[in-house]
1. For the range 150-208 and the range 70-113, what is the separation of their Cα centres, given in Å?
2. For the range 102-164, count all C-alpha to C-alpha pairs, find those more than 15 Å apart, and express that count as a whole percent of the total.
3. Would you calculate the separation in nanometres between label points at ALA15 and GLN59, each defined as 7 Å from the Cα along the Cα-to-beta-carbon direction?
4. In debye to the nearest 20, how big a dipole does the range 33-156 give about its Cα centre with +1 on each Lys and Arg Cβ and -1 on each Asp and Glu Cβ?
5. Would you work out which of ALA57, THR87, ILE124 lies farthest towards the positive end of the dipole of the range 1-134? Charges go on Cβ: Lys and Arg +1, Asp and Glu -1.
6. In this model, which of LYS40/LYS66; LYS38/LYS66; LYS86/LYS150; LYS40/LYS182; LYS38/LYS234; LYS29/LYS157 are farther than 31 Å apart at the alpha-carbon?
7. With all distinct Cα pairs included, what does the Kirkwood hydrodynamic radius of the range 1-64 come out to in Å, to one decimal, could you say?
8. Most exposed first by the Cβ proxy, i.e. fewest other Cβ within 10 Å, how do ASP228, ASP141 rank?
Amino acid sequence: MKVHYTAATEPDYRAELDETFDELPANLKSAFVEHGWKIKVGKSLADVGGNELDRIAPQTTSSGLKRYEGSAGVSIPELENSSLSKTILLGHQVSNKYAETGFEQVEDMPNVLRHEIGHGIDHIAGRISYSEAFTRAYQQDMADLYNPEKTDMQTRKTAERALRTFIFRNECNESERQFGQKEAFAELSAGELGGARTEELLSDVLPRSRALVSQVVNNMTLGHAPDDGIVRGKQVFSDKVKKFDVMDFSADMAIDFKGWRAQRQARAELAVDKPVAPDHSRPNLGGNRD
């Protein structure tokens, strides 16, 4: 298995991703080959995905962008009649309306690759993040996080700010919990494969979930079936594989904290005669979650 690059991919990103890919376990890469997965990298997802990505992902965000334009990576599961079936796409430039050029360069592409590999592992394992075993582990972790006798308020608030893509309390609706589980699985996998931005805190908040992910990744590293030794139970959620919403995006990579803070400061300066009210809003993620 190898990474395929478009001509527009900048050399520095190519070297960085080649190094990250080379460090992945050989048996893991062999499993991706065996299951027919590909990795393609370009300047942006539009560059590498072309017209076919437009065809299978036509949805737009509230800001008018294509849903994928604010993302640095996407894992596309098996799709009928699509050349992008079972493909991980990566792009180091994302749309950002707050940036002067309208675009932003993604700094942490190695983690984007590991995160999307995590989604691929999940698919190869039959979407184990939706299994009864992982759901139970995740819900137990969430119960502890929101239990004041087990987790203090400061830790919980820190987790909610830093891990908002990955944690959804058990009272949330099904689609939110489904989203949180698959994203947590992918990010925990990234940590097992060499590092993730949120690795330490996420592992502290989701210890049971991490233990199951570690077992899956270790199984594949050893060349075993992903769920070897795991009593996975039934599938709690189902994937409608012809639907766009099963694709797994790395939308958080498009966060523009500088632009967000500048916008807040500009709003404050327009009303210098008034005390600045606390602003608890969050930066624009540059794309919808999924």
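Each reported figure results from applying straightforward, stated rules to the coordinates on display, with no laboratory input. Keep in mind that what you see is a predicted model, and the values were worked out from it rather than measured. Here the Cβ positions follow ideal geometry from the backbone for every residue, glycine too, while neighbour counts run over all protein chains shown.
1. 21 Å
2. Counting every Cα pair in the range 102-164, those more than 15 Å apart make up 69 percent.
3. Spacing of the two 7 Å Cα→Cβ label points: 3.9 nm.
4. Dipole about the Cα centre, nearest 20: 220 debye.
5. Checking the options against the dipole of the range 1-134, the answer is ALA57.
6. Beyond 31 Å: LYS86/LYS150; LYS29/LYS157.
7. It is 13.6 Å.
8. Going from least to most buried by this count: ASP228, ASP141.
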